[in-house]
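Asker: Input: one structure, supplied below.
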Amino acid sequence: MYQYTQVKEQPVLNAGTKGVRRYILSLDNHVSIQEALTAFCKEKEIYCGKVTGLGAVNSATFRFLDPATLQYVDKTFEEQMEITNLTGNISQKDNQVYLHIHITASRRDYTCIGGHLLDARINGACELFVEDYYLTSAGRRADEETGLNMYKF
């Protein structure tokens, strides 16, 4: 589902990064980004961190929250796209890994779509950088006013 390596730190040069583990991931072709990243976070017990990356997908489902109705609207795009930016955070909700990811994806005609990523299927490659803030805890709680799962510290 994925391959990874842990980034080796040089203590003298990175004195301000204690409490952070860094990983480089390469997701296998045709896997779900959400499934692979969730499995990796479970394996490494990452419950607070961040993720960035790029790659290519041939299917992506975005989610939009309509603030007027507090209803989610999902839309799937079935076409080859380049991930020009993937950024997100890792936390936990109900004692499970919780991923909050946004992407921008470039289409064949060079237009871009983007937003909150519900899931996407790799078609080509996906390379991610993951930071594990293992000394920190960040959970989630449902916020009735906004309809969002907000941080709970």
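Computed from the coordinates by the stated procedures, all read-outs in this text should not be read as laboratory data. Please read these numbers as outputs of a predicted model, since none were measured by experiment. Cβ sites come from the backbone with ideal geometry, for glycine too, and all protein chains shown count toward neighbours.
Asker: Can you count the Lys pairs in the chain whose Cα atoms are under 29 Å apart, with each pair 8 or more apart or on different chains?
Answerer: So the count works out to 21.
Asker: For Leu118, enumerate residues with amide H under 5 Å from its amide H, sequence gap 5+ or separate chain, H modeled in the peptide plane.
Answerer: Those lying under 5 Å, H to H, from Leu118 are Thr61, Phe62, Arg63.
Asker: Also: Mind giving me the nanometre distance, one decimal, between the label points for Asn149 and His102, set 7 Å out from Cα along Cα→Cβ?
Answerer: 1.8 nm
Asker: Placing unit charges on C-beta atoms (Lys and Arg positive, Asp and Glu negative, everything else neutral), compute the dipole magnitude of the range 20-145 about its Cα centre in debye, rounded to 20.
Answerer: Numbers: 13 positive and 18 negative charges, 53 e Å.
The calculated dipole for the range 20-145 is roughly 260 debye.
Asker: Output ³J(HN,Hα) for the range 118-129: one whole-Hz value per residue in order, computed from phi by the Karplus curve 6.51 cos²θ - 1.76 cosθ + 1.60 with θ = phi - 60°, and x for Gly and Pro.
Answerer: Each residue of the range 118-129 in turn: 7, 5, 8, 10, 5, 9, x, 8, 8, 10, 10, 10 Hz.
Asker: Pop out the ³J(HN,Hα) list for the range 63-73 in order, Karplus 6.51 cos²θ - 1.76 cosθ + 1.60 with θ = phi - 60°, rounded to Hz; leave Gly and Pro as x.
Answerer: 10, 10, 9, 7, x, 6, 10, 6, 9, 8, 10
Asker: Now, a different point. In whole Hz, with x marking every Gly and Pro, tabulate ³J(HN,Hα) for the range 103-115 from phi via Karplus 6.51 cos²θ - 1.76 cosθ + 1.60, θ = phi - 60°.
Answerer: The phi angles translate into 9, 10, 10, 9, 8, 4, 8, 6, 7, 10, 10, x, x Hz.
Asker: How much space per residue, in cubic angstrom, does the convex hull of the C-alpha atoms of the chain take up? Provide the component values of the computation, followed by the final result.
Answerer: Numbers: hull volume 18.8 nm³, N = 153.
Convex hull of Cα atoms, per residue: 123 Å³.
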